[in-house]
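Accompanying notes for the structure given below.
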Amino acid sequence: AWLAAYGLPTGQPGLCQNLSRGNYLQVRTRGIELSTEWRPLNYWRLQFNASRMWLDGGSIQTSSLVYGSSPTYQGSLRSSVDIGESQEFDFWWRRIGGLDGHGNSAWPIAATPIAARTELDLRYAVQMDKSLEVSLTAQDLLSRQQLQFYADYMPNLPVIPRRTVYIQAVWRSQ
């Protein structure tokens, strides 16, 4: 009868598996994050962000699961320039630390080290009128098209972002 609660027909053969996952490790995390914004000129905005994280898993067994499961550092620099009254150019550079392949050992893909990476996004936008903005965006321009993370609890297909270029139109009603 409890299968009916999941929309499964009762009285017919089937497979149902309960899977319980959780984070039961004793782990201490410490970190520092710096974020600032500066306007060197009234039409130019710069944003800088940096973070560093330390993990302490205690025992050797816990440490082998914890270390390498998250990047220890990340940083980015964003620049946004207003070009006249109706145009804007954005630049976003970021650096993300790698994963050493000692993450969640339950999935074979997690044994593969992931190199640190540098990414770059560019965006050029034109405000056509008060309601319509059209932009051209290029994302992940420096991408080496590599695996970027491991699944936390459930195995899944690898996610490998690709370089992307697209045009976007945004309509805002007044």
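Projected label points at Arg95 and Thr112, each 7 Å from Cα along the beta carbon direction, are separated by 2.5 nanometres. Simple spin-label estimate for Tyr124 and Gln168 gives 1.7 nm between the two label positions (7 Å along the Cα-to-Cβ direction from each Cα).
The listed residues Leu46, Leu34, once ranked by accessible area (1.4 Å probe) with the largest placed first, stand as Leu34, Leu46.
Between Glu37 and Val159, the contour length at 0.36 nm per residue exceeds the Cα-Cα span by 40.7 nm. With θ taken as phi - 60° and the Karplus curve 6.51 cos²θ - 1.76 cosθ + 1.60 applied, the whole-hertz 3J(HN,Hα) list for the stretch 84-89 is x, 7, 10, 10, 8, 10 Hz, x standing for glycine and proline.
The HN-Hα couplings worked out from phi for the stretch 114-119 by the Karplus form 6.51 cos²θ - 1.76 cosθ + 1.60 (θ = phi - 60°) are 10, 5, 4, 9, 10, 10 Hz, whole numbers, x standing for Gly and Pro. Below 15 angstrom from the Cβ of Tyr73, what's the summed charge of the other residues (Lys, Arg +1; Asp, Glu -1)? Combined, the nearby Lys, Arg, Asp and Glu give +2.
Working note: Karplus 6.51/-1.76/1.60 with θ = phi - 60° gives the stretch 134-144 the couplings 10, 9, 10, 10, 10, 10, 6, 5, 9, 4, 8 Hz, where Gly and Pro are set to x. Charge tally around Ser86: other residues with Cβ under 11 Å, Lys/Arg +1 each, Asp/Glu -1 each, net -4.
The values are calculated or read from the model by the stated rules, or taken from the named source; none is laboratory data. Quick caveat: nothing in here was measured; it's all calculated off a predicted structure. We place every Cβ from the backbone using ideal geometry, glycine too, and count neighbours over all the protein chains shown. The area values use the complete protein model at the heavy-atom level, side chains included, leaving out ligands, DNA and RNA. Shrake-Rupley method; radii C 1.70, N 1.55, O 1.52, S 1.80 Å.
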